[in-house]
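Inspection log for the structure reproduced underneath, given as structure tokens.
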């Protein structure tokens, strides 16, 4: 019998791992509806706005983000329809998706638990760094970079929430070995948060770009047609660690892929400016931290 | 506020900043009065330095304080980057990280 290739073996481990997760949330119906509506070219902004406006809490969050310095519009936007007309369907969808994920994975945290505030700070910081890198590269879709950075580590929260004992073991290994969380996950679970996050996004039918970037943010060469996006998130994850903003569960810096670095075409002398630009993006993105409070 | 070695901090002094472990978990908040148990916890979590409140309140940072903070930050960056030495890009990133973090201290 032919041997399974390493990718299949990891997929099988992830399948076994997630099979043990009981009661994993489905993507809220409202989000699924918005995804489907946006695919239809005849959908009007008013129709999507109507769906969002049925949820007052979500409406207020979307308006808070669109009126924040993250977008920096001079005039106040007061309706979701107006926000969609100005920012477009995809941007509004990204804001709704991030808000939904913050809500789905909300939990009361006790002292000693995995620190979710630090985790989300790392994630927001990674999104901000991705945007700063994207600007430098003239990447056309900065929004896509921010969301991919924001959500790249979601698998950690899935594990923390739905297999807390195993995840506590992972964190314990990180602590005792002072190693990267992905190394500890491989030791304890045989798969990483990147695999679990990608699996969740697949299940939720999210974009291929988001799925592959999440899966490959530690190894962007495997991301196929989404390689460039994955390379930016790979670098952003490392840059934000080097800036010591937030904490994704470990306190080490992984080695940057030389292939990714060469492919992005940046210079070593760009790092100083990248830090300054990322810092500015973080300040603009702080409105997202309100979502977790 | 001043930076002291954990070994030299004494019960009764107050933490001037939130104290987190290497994983970023909050151990105790700024303003917490240090106890022998808290100091022991810090040592067990390999927290080598603590910011504590000066008796005289928020006095401006002295050059000695700043130098101690710079050294602590640089030591922490060296630890975080341990094992990446063979990469020239990582070496450049490490130096940029030190410049960025130490420049923030002075502000």
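For region A:77-86, state whether one or more residues are crowded, with 20+ Cβ neighbours inside 10 Å and over 23 Å from residue A:145 (Cβ atoms). There is at least one residue in region A:77-86 that is crowded, with 20+ Cβ neighbours inside 10 Å and over 23 Å from residue A:145 (Cβ atoms). When residue A:211 is tested against (1) more than 8 Å from every other protein chain (Cβ to nearest Cβ); (2) under 18 Å from the mean Cα position of the chain (by Cα); (3) assigned to a loop (DSSP other than H, G, I, E, B), just one condition goes unmet, and that condition is (3). Exactly one residue among A:48, A:66, A:62 is crowded, with 16+ Cβ neighbours inside 10 Å, within 24 Å of residue A:200 (Cα to Cα) and at pLDDT 90 or above, and that residue is A:62. Based on what the data block shows, is residue B:20 closer than 17 Å to residue B:71 by Cα and either in contact with a helix residue (DSSP H, G or I) (Cβ under 8 Å, 6 or more places away or on another chain) or at pLDDT 80 or above (or both)? Criteria not met by residue B:20. Which residue is farthest from residue A:30 (Cα to Cα), if the candidates are limited to region A:44-75 and must be free of Cβ contacts under 8 Å to residues at least 24 places away in the same chain and not in a helix (DSSP H, G or I)? Only one residue tops the list, namely A:74. Flag set for residue A:143, criterion: closer than 24 Å to residue A:270 by Cβ and part of a helix (DSSP H, G or I). Looking only at residues of region A:236-278 that are under 22 Å from the mean Cα position of the chain (by Cα), more than 9 Å from chain B (Cβ to nearest Cβ) and part of a loop (DSSP other than H, G, I, E, B), we find that the one that is farthest from residue B:99 (Cα to Cα) is A:257. Across region A:64-122, the number of residues qualifying as touching a strand residue (DSSP E or B) at 6+ places or on another chain (Cβ under 8 Å) and more than 14 Å from chain B (Cβ to nearest Cβ) comes to 0.
Screening region A:11-23 for residues that are within 20 Å of residue A:170 (Cα to Cα) and not in a helix (DSSP H, G or I) and picking the one that is modelled with the lowest pLDDT gives A:22. Step by step: first the residues of region A:80-107, then only those that are part of a loop (DSSP other than H, G, I, E, B) and in contact with a helix residue (DSSP H, G or I) (Cβ under 7 Å, 6 or more places away or on another chain), then the one that is modelled with the lowest pLDDT. Which residue is that? The selected residue is A:107.
Only one entry in A:110, A:46, A:121 is more than 20 Å from residue A:199 (Cβ to Cβ) and in contact with a helix residue (DSSP H, G or I) (Cβ under 6 Å, 6 or more places away or on another chain), namely A:46.
The values are calculated or read from the model by the stated rules, or taken from the named source; none is laboratory data. Treat the numbers as computed from the prediction; the structure is a model and nothing was measured. Neighbour counts run over all protein chains shown; Cβ positions are idealised from the backbone, glycine included.
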